[in-house]
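To start, the structure under review is shown below, and the notes come after it.
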């Protein structure tokens, strides 16, 4: 970006850029210097390593090659100003980028495995949530992904319908969400879209759904069961993380 802004001031120049990321050794730099010398080019570098910066200055002078050190002068100036010594550890900015990529992958996985979707790749999940409709499976899953970079799948439990084959044998953390029938009826009434589905709000029907979910939970080895009746999404997620850390 810096050199592009400079070259815009020279209309006669039609620049060709060649980028060389992840440079760590003198041998890699030597190859680049040779190419630049052959092309009569300019070398612009952002190396954190003091040893490599000193070495590249010496080598470019030997062949009379113009080189621009982007980071070095700023590292030295700030070190003097604050009387501090830089860590000279390369790749820190890249690590932030890698964390962002992992976060994006976790959220993408969670969205693709919401409400029983993506069963064919559910074995790649870090956590699987189970529960009947409206037990906050989706928001809890997304909260775990966004705040803890976890790949979360959630599977709805529907009375009379068996969960996907083999899902109980998977080894990742599994969590069952329970809730009191009256609270669930209240939540469903607030969110119900179809007036015709009255059984969806019927307490007796809800009780059967919850009994069925408990039956399923008893078939899942090592499952963590959480009552979400009076808990926020944050509280439920923190219980899941605490249990996860204890298991480790």
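Remarks
- Helices (runs of 4 or more DSSP H) (entirely within the stretch 133-237) containing at least 3 residues that are in contact with a strand residue (DSSP E or B) (Cβ under 8 Å, 6 or more places away or on another chain): 137-148, 203-217
- A residue that is more than 35 Å from the chain's Cα centre (by Cα) and in a helix (DSSP H, G or I) can be found somewhere in the stretch 61-76.
- Condition check for residue 108: loosely packed, with under 15 Cβ neighbours inside 10 Å, at pLDDT 90 or above and more than 30 Å from residue 40 (Cα to Cα): yes
- Screening residue 129 against (1) surrounded by fewer than 20 Cβ atoms within 10 Å (Cβ to Cβ); (2) in contact with a helix residue (DSSP H, G or I) (Cβ under 9 Å, 6 or more places away or on another chain); (3) assigned by TED's automatic domain parsing to the domain that holds residue 240 leaves a single unmet condition, (1).
- Residues in the stretch 12-49 that are within 24 Å of residue 88 (Cβ to Cβ) and not in a loop (DSSP other than H, G, I, E, B): 26, 27, 28, 29, 30, 31, 32, 33, 43, 44, 45.
- The stretch 238-248 - residue that is assigned to a helix (DSSP H, G or I) and within 21 Å of the chain's Cα centre (by Cα) and, of those, surrounded by the most Cβ atoms within 10 Å (Cβ to Cβ): 240
- Some residue of the stretch 144-151 being surrounded by 23 or more Cβ atoms within 10 Å (Cβ to Cβ), closer than 25 Å to residue 187 by Cα and either in the same structural domain as residue 200 (by TED's automatic domain parsing) or under 17 Å from the mean Cα position of the chain (by Cα) (or both): yes
- Looking only at the stretch 33-48, and only at residues there that are under 22 Å from residue 13 (Cβ atoms) and within 34 Å of the chain's Cα centre (by Cα), the one that is modelled with the lowest pLDDT: 46
- Of the listed requirements (1) surrounded by 12 or more Cβ atoms within 10 Å (Cβ to Cβ); (2) in a loop (DSSP other than H, G, I, E, B); (3) in contact with a helix residue (DSSP H, G or I) (Cβ under 6 Å, 6 or more places away or on another chain), residue 90 misses just one: (3).
- Put simply, of 215, 190 the only residue that is loosely packed, with under 12 Cβ neighbours inside 10 Å, within 29 Å of residue 147 (Cα to Cα) and in the same structural domain as residue 135 (by TED's automatic domain parsing) is 190.
- For the stretch 1-12, the set of residues classified as surrounded by 10 or more Cβ atoms within 10 Å (Cβ to Cβ) and either more than 36 Å from the chain's Cα centre (by Cα) or over 22 Å from residue 97 (Cβ atoms) (or both) consists of 6, 7, 8, listed by residue number.
- Of the criteria (1) under 25 Å from residue 97 (Cβ atoms); (2) surrounded by fewer than 12 Cβ atoms within 10 Å (Cβ to Cβ), which one residue 24 fails: (2)
The values are calculated or read from the model by the stated rules, or taken from the named source; none is laboratory data. Just so it is clear, the structure is predicted and the values come from calculations on it, not from any experiment. Ideal geometry is used to build each Cβ from the backbone, glycine not excepted, and the neighbour counts take in all protein chains shown.
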